[in-house]
């Protein structure tokens, strides 16, 4: 439902509040005039851009989350939790800079923020009996917000005029390596340790059969939050392993890793594994640690349609990323998202003598990122 529709259903009290917020010139007792004046003001592109530009980083993070959320309604508790989450980064920055005055000035509670978003026309109560206690966001406001934010993110990007001297492209290799993993499991007697993971010698033997080999995990490194097996296996292999496990192609049985009947059937039929399905699985798998991963992948695709420097991409997007325990925003962007996109064939990583590390999305990556913003929070195939 668009803004015009929601204004039509809104009561005159909320319409007056919105009109007051934007200083609209309309009779406060005429619903028709209020709606027309609000639409006229918010419909002007330059005015809307000014409003978005005046928002704080926490406001932008919150609205960015809403703009990519596939749900049609939110409870008050869900909104206040999202507002609190979006404000965390700002609070940490203030504490780190010892900016006590700024921290003290931010006394707005999440509920007060919800009221402010209602006054500014971002949130409306539902209009049916089943949705009257939920909040909704106008669809066209989401689209316009994305358009304005896209322009903002592009401002600081540093682009390359030519291709970098060398670049890495792994298109097609993830799906092929997944089949090689199944092949190895089917042909070997693989013993698992007490924690249920392969011994290092099996990991090394298996890795040697893959197109992309990763070194085993070093002892003592903290690893959690990125899937069932990331604690013991390197990132790319852990994703492929978790996907095969979730699809029930492999099973851990009596301290052994075995190929299941469905895994055997897949191998015998010679069917290709869809990298898009692995991509969708990855988005859901990493969402616990990176709640806004869908929007981040989308913004990477919008920023890196052509070759851009790694430093400028982080400068543009870093403020949207929350740290995850010891994982810094920069590490999350570079290791958890960019590198995994490369492993999935969605992005190329280049090295330029003059510009350093650079990124560019592949055609498959652009298509997948666009589709990714429509993926719901369904738990299909999550471990």
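Remarks
- Of the residues 232, 252, the single one that is under 28 Å from the mean Cα position of the chain (by Cα), not in a helix (DSSP H, G or I) and not assigned by TED's automatic domain parsing to the domain that holds residue 62 is 232.
- For residue 181, the conditions (1) closer than 30 Å to residue 302 by Cβ; (2) surrounded by 16 or more Cβ atoms within 10 Å (Cβ to Cβ); (3) touching a helix residue (DSSP H, G or I) at 6+ places or on another chain (Cβ under 8 Å) are fulfilled apart from (1).
- Members of the stretch 108-136 found to be in a loop (DSSP other than H, G, I, E, B) and out of contact with any strand residue (DSSP E or B) (no Cβ under 7 Å at 6 or more places or on another chain), listed by number: 108, 109, 120, 121, 122, 127, 128, 129, 130, 131, 133
- Residue match in the stretch 24-40 (condition: buried (at least 16 other Cβ atoms within 10 Å of the Cβ) and closer than 22 Å to residue 151 by Cβ): no
- Residue check for residue 308: under 20 Å from residue 335 (Cβ atoms), surrounded by 22 or more Cβ atoms within 10 Å (Cβ to Cβ), modelled with pLDDT of 95 or more and more than 11 Å from the chain's Cα centre (by Cα): yes
- Some residue of the stretch 336-351 being surrounded by fewer than 21 Cβ atoms within 10 Å (Cβ to Cβ), in a strand (DSSP E or B), touching a residue at least 24 places away in the same chain (Cβ under 8 Å) and assigned by TED's automatic domain parsing to the domain that holds residue 298: yes
- For the stretch 323-335, the criterion of a residue being assigned to a loop (DSSP other than H, G, I, E, B), within 22 Å of residue 280 (Cβ to Cβ) and assigned by TED's automatic domain parsing to the domain that holds residue 234 is satisfied by no position.
- For the stretch 45-91, the set of residues classified as buried (at least 18 other Cβ atoms within 10 Å of the Cβ) and in contact with a strand residue (DSSP E or B) (Cβ under 9 Å, 6 or more places away or on another chain) consists of 66, 74, 79, 82, listed by residue number.
- Qualifying residue in the stretch 218-225 (condition: surrounded by fewer than 18 Cβ atoms within 10 Å (Cβ to Cβ), outside any helix (DSSP H, G or I) and either modelled with pLDDT of 95 or more or in contact with a strand residue (DSSP E or B) (Cβ under 8 Å, 6 or more places away or on another chain) (or both)): yes
- Selected residue [in contact (Cβ under 8 Å) with a residue 24 or more places away in the chain, farther than 17 Å from residue 236 by Cβ and in a loop (DSSP other than H, G, I, E, B)] from 170, 195: 195
- Residue 186 in contact with a strand residue (DSSP E or B) (Cβ under 8 Å, 6 or more places away or on another chain), part of a helix (DSSP H, G or I), in the same structural domain as residue 338 (by TED's automatic domain parsing) and within 21 Å of residue 263 (Cβ to Cβ): yes
- Among the residues of the stretch 256-273, just one is part of a loop (DSSP other than H, G, I, E, B) and either at pLDDT 95 or above or assigned by TED's automatic domain parsing to the domain that holds residue 83 (or both), namely 260.
The values are calculated or read from the model by the stated rules, or taken from the named source; none is laboratory data. Values in this document were obtained by computation on a predicted structure and should not be read as measured data. Reconstructed Cβ throughout: ideal geometry from the backbone, glycine too, with neighbour counts over all protein chains shown.
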